[in-house]
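The values are calculated or read from the model by the stated rules, or taken from the named source; none is laboratory data. The model shown is predicted, which means the values in this text are computed figures rather than measured ones. Note: ideal-geometry Cβ built from the backbone for every residue, glycine included; neighbour counts use all protein chains shown.
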Amino acid sequence: MSDQQVYVPTPLEKARQDFVLGIKFLANGIAQQRVRDVYRHDVLPQAERRLGHAPTTRREVERDLARTTAFRSWAVLTHRSQGMMWDAIEATTRRVAPQAVSQLASLRTAPAKRGSLELDPALEIPTPISNTEIHRQPGGFVGSADPDDLVPGLRYIGASLIYAVGKGQAKAASDGRAHNLLSQLQARFPDFRPRRILDLGCGVGVHSQAIALAFPEAEYHGVDVAAGLLRFGHLIAEQRGLPIHFHQRDASRTGFEAASFDLVLSNILFHETNSARLPQILRECRRVLKPGGVMLHADVATQTSRLELDDQVMNDWQVRWNGEPFWTGYAERDMHKEMIAAGFAPEQCFTEYVTHGKSVGFVFGASV
């Protein structure tokens, strides 16, 4: 895997990172399940007696649940392990960064490149992406104006090996990250062969690489506002010999011509986006799709219509304390209705929860 040529921990660094991963497994496994058990056995019955009926919103139970030892233990583990994760990967990030910068410099002067990198220093980065440390990543996703700044991408790929894996996504830093997207395309559109693909919020483009491999004849374009992620994505895609064209652009107004793509997709974009911009992004998807094209998005399954109140309380805690500022806004949206409002025909829209590994993902999209 190309990213492993760049981000390679030493045995000591790896041991420290594995220790943090173990704490993540504990927080996302036994500790979280203990919160659910205490909620079901203690908090819920108390709430029913107090209210005179079964609670229907998280606000009716969150104070009592948050006061339990189980919840406080889970919260401490979750918050502390996130800080430990960034501390653990920083040694690797700083050690390998000079080598990565050297590789990027060599790439710039290479006689032939498969893909391209288009950065826009004048792009207005939408808030709160511009001023929020998503996932509490130090400095955020965007990075500095330094044309050699690869640190956000290195941190992101290092965190993927701990954060996502700790949530049961064992292949989060490899081609497996695109599993939901590719399996849904195959199942729903078995004869679909896109010639031009637009990937919104592509980040470092790990999932992009797998999709580009699946459709080698397609022209692949990835869009993100974070230059620090795009530089790294361009580097590792070129190391693997994949022709991906990375652009620093806003997913809500990409600047591409109308009806110019066969496939528009994203992976974990919407829960990282201010929900007020969600309708704009869906309208942009509709605008750039060709007749007969497909829109497909894969994201986290945090919808309030699906989750029990205890999990809703834990997710809302993540919003306020653990660098997930957009979860609630995204979770409370009805994506089927949002797609229709964006101009997609109701009968062509779909939403589905998909199990992968030990976790559940949410897939939604439409054809035109």
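Structure notes:
- The residues of the range 156-178 that are part of a helix (DSSP H, G or I) and either touching a Pro at 6+ places or on another chain (Cβ under 7 Å) or crowded, with 20+ Cβ neighbours inside 10 Å (or both), listed by number, are Tyr156, Ile157, Gly158, Ala159, Ser160, Tyr163, Gly166, Arg177, Ala178.
- In the range 205-213 there is at least one residue that is assigned by TED's automatic domain parsing to the domain that holds Leu263 and surrounded by fewer than 22 Cβ atoms within 10 Å (Cβ to Cβ).
- Flag if Arg277 is closer than 19 Å to Ala366 by Cβ, outside any loop (DSSP other than H, G, I, E, B), basic (Lys, Arg) and at pLDDT below 95: yes
- Residue count, the range 22-78 (criterion: touching a Gly at 6+ places or on another chain (Cβ under 7 Å) and either more than 26 Å from His135 (Cβ to Cβ) or buried (at least 19 other Cβ atoms within 10 Å of the Cβ) (or both)): 2
- Contact map, the range 338-351: first residue assigned by TED's automatic domain parsing to the domain that holds Leu289, second residue outside any loop (DSSP other than H, G, I, E, B) and exposed (fewer than 14 other Cβ atoms within 10 Å of the Cβ), Cβ cut-off under 8 Å, separation 6 or more or different chains; pairs are Ile340/Pro346.
- Among residues that are more than 24 Å from Arg286 (Cβ to Cβ), part of a helix (DSSP H, G or I), of a type in the set (A, V, I, L, M, F, W, C) and at pLDDT 90 or above, Ala210 is included.
- Listed by first and then second residue, the pairs with beta-carbon distance under 6 Å, at least 6 apart or on different chains, first residue in the range 64-75 and outside the structural domain of Trp317 (by TED's automatic domain parsing) and of a type in the set (Asp, Glu), second in a helix (DSSP H, G or I) and at pLDDT 95 or above, are Asp64/Val43.
- Qualifying residue in the range 222-230 (condition: of a type in the set (Gly, Ala, Ser), part of a loop (DSSP other than H, G, I, E, B) and touching a Gly at 6+ places or on another chain (Cβ under 9 Å)): yes
- Residue match in the range 64-83 (condition: touching a Ser or Thr at 6+ places or on another chain (Cβ under 8 Å) and at pLDDT 95 or above): no
- If only residues of the range 105-126 that are under 17 Å from Leu150 (Cβ atoms) and aliphatic (A, V, I, L, M) are counted, the one that is surrounded by the most Cβ atoms within 10 Å (Cβ to Cβ) is Leu117.
- Among the criteria (1) part of a helix (DSSP H, G or I); (2) buried (at least 17 other Cβ atoms within 10 Å of the Cβ), the one Ser102 does not fulfil is (2).
- Every residue from the range 42-61 that is among the polar types (S, T, N, Q) and under 31 Å from the mean Cα position of the chain (by Cα): Thr56, Thr57
Rundown of residues vs (1) in contact with a helix residue (DSSP H, G or I) (Cβ under 9 Å, 6 or more places away or on another chain); (2) among the polar types (S, T, N, Q), yes/no style:
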position	(1), (2)
Val20	yes, no
Asn28	yes, yes
Tyr39	yes, no
Glu48	no, no
Gly52	no, no
Thr56	yes, yes
Ala75	yes, no
Thr78	yes, yes
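- Members of the range 285-320 found to be over 15 Å from the mean Cα position of the chain (by Cα) and of a type in the set (Ser, Thr, Tyr), listed by number: Thr304, Ser305
- Candidates Ser106, Ser73 - the one that is within 30 Å of Gln5 (Cβ to Cβ) and hydroxyl-bearing (Ser, Thr, Tyr): Ser106
- Scanning the range 305-315 for residues that are crowded, with 17+ Cβ neighbours inside 10 Å and out of contact with any Lys or Arg (no Cβ under 6 Å at 6 or more places or on another chain), we see that the one that is farthest from Thr127 (Cα to Cα) is Asp311.
- Scope the range 237-269; condition assigned to a strand (DSSP E or B) and more than 11 Å from Leu117 (Cα to Cα); matching residues: Asp250, Arg253, Phe261, Asp262, Leu263, Val264, Leu265, Ser266, Asn267
- In the set (1) free of Cβ contacts under 8 Å to residues at least 40 places away in the same chain; (2) farther than 28 Å from Leu263 by Cβ, the condition left unmet by Asp148 is number (1).
- Selected residue (only one of His135, His79 is in a helix (DSSP H, G or I) and not assigned by TED's automatic domain parsing to the domain that holds Asp37): His135
- Members of the range 25-63 found to be in contact (Cβ under 8 Å) with a residue 60 or more places away in the chain, among the basic types (Lys, Arg) and under 21 Å from Gly166 (Cα atoms), listed by number: Arg36
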